[in-house]
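Since the structure comes first, as structure tokens, the remarks are kept for the end.
What follows draws every value from the coordinates through simple rules; no lab data is involved. Only a predicted model underlies this, so the values are computations on that prediction, with no experimental measurement involved. Ideal geometry is used to build each Cβ from the backbone, glycine not excepted, and the neighbour counts take in all protein chains shown.
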């Protein structure tokens, strides 16, 4: 290999060790030592691709690259694949959301449906066990997919030693190192801590602690009214907690949620028993006593208040997680929020090192990471990949669910886009009526001139599934009329979607 | 039927089948800002790294790697590697991994002691 790499015109003597005679008199023992250290071939086999992180971004990239025939290694330190999403995020929280909703419904919503139930009791330990069964089944599923697609799986913590080499501190003890022609960093994110509050995952918790509480807290304060805070607040509120959400901004749901939808959602959640303190900032907390005391005051200054809680959930957002990766050593750069800087093909300044998922730009969503996982593998194997950041849906799995894709009304106003809006309430939808689940609306925003869909916002039953149709429409660049003229089965909730499109370009039939 | 035709004349669906997806024939692989980048700009280091870095050929050359990935093109297409007539490459001009590894003290000792130091 070495010979092929050097200039063909170079005199051969240049390639030989200095002094041919010298090498011939070397003792044989020394020759062995020499070969082992000085050999020009690399010590370990070089992989086509090394993925650091086995979360949604990393494992998808690894499988996709494996399918394309690359020799792939994936390094994961958790001991289980699937990252935050599968282990302590989306999946366990959905298990709890679904089962706590069933419990809540059986408790409060059976009589008028003609079902008389006896004594209903919560078995929290069993509910947690059901959650763990779902999680372990899914994570083992990925291990199987790794084997199927020839992806080598190393359990350990990776750190760069040079641009092509990663030292791995193995979970079972010991060390190894892997070399890769291409490297993908997909190390994900962690919950942002709240300054002044020490997370112990028992009294002061993040989302990780919120899916593993041993008993239902009497009072719970949620700092941050974003999606994570509202979902976990919903779970414990349904199971009997008195939940108060403290949000610095003037609306819940985070910056992406449409104003009108956020207000409606807040109303619906309030009806379910959750309390909200908007435009309120948390000044500090004291967890020295039996309960946690949280000091809050109006964001614009003013009235101070002391909140008392058994458990405080810190849900003020997430931040990129790159600790221990040693990326500074090889000269990679992160921005002020800790996100690794990449170009349009996910490359860092060192082109064979790419970054995807939560530890770089874009929304911290599992499905966005998954899209990037596929795209990055295609950039490596085919030189071309596709992610449309303008058509990534967001879903909040409360009840009713909230989902949106594209731009919201306040963004369109700020950008001075001429748009028209149309909506349709679930209370006028036949299926929602039969389900006795009629809260919520579907809202379309479309370009005033071309009728092209710019955004769809839904709060209502099954919104999370319904948003897929909106995302597809947005990806294709459809008009409201295109959706409205597409037959939707009767009686289904999706008819509300069609009618909202109708209401945007013309008039709805049933409202 | 004519009535339907007339009706359809007013409406051109925006959703249209565009055919199977194909990889574009020419792709600009020069680094640009990531579409989700909040600053919409790349640090200067991206360009400067490519100026100096040599990786299967100079990185700053256009159209050198038509499919983006490292090793996307055979090495032969990078042009001849021979030195010009009457010129010779020195080993010190090669990338570090092809240069001479300095002797370690252990090796020097091994040579000087005829290998005895390895058993000491």
### Message
Inside 10 Å of the C-beta atoms of A:381-389, what's the mean count of C-beta atoms belonging to other chains?
### Response
4
### Message
Using Stokes-Einstein with the Kirkwood hydrodynamic radius over Cα pairs, what translational diffusion coefficient do you get for segment A:371-441 at 25 °C and a viscosity of 0.890 mPa s, in µm²/s rounded to a whole number?
### Response
156
### Message
Which three extents, in angstrom, do the Cα atoms of chain A have along their principal axes, listed largest first?
### Response
98, 61, 49
## Note on the structure
Taking the alpha-carbon centre of each part, the distance from segment A:440-511 to segment A:408-431 in Å is 10
### Query
For segment A:400-503, what is one quarter of the convex hull surface built on the Cα atoms, given in nm²?
5.8
### Query
Roughly speaking, what is the centre-to-centre gap between segment A:140-183 and segment A:216-260 when only Cα atoms are used, to the nearest Å?
38
### Query
Sorted by average packing, counted as other Cβ atoms within 10 angstrom per residue and highest first, what order do A:432-438, A:161-167 take?
A:161-167, A:432-438
### Query
Percent antiparallel among DSSP beta bridges with both residues in chain A, to the nearest 5?
60
### Summary
Dividing the surface of the Cα convex hull of segment A:204-316 by four yields a projected area in nm² of 6.7
### Query
How many angstrom separate the Cα center of segment A:352-405 from the Cα center of segment A:94-115?
33
## Note on the structure
Mean Cβ-within-10 Å packing, highest first, puts peptides B:31-41, B:100-110, A:182-192 in the order A:182-192, B:31-41, B:100-110
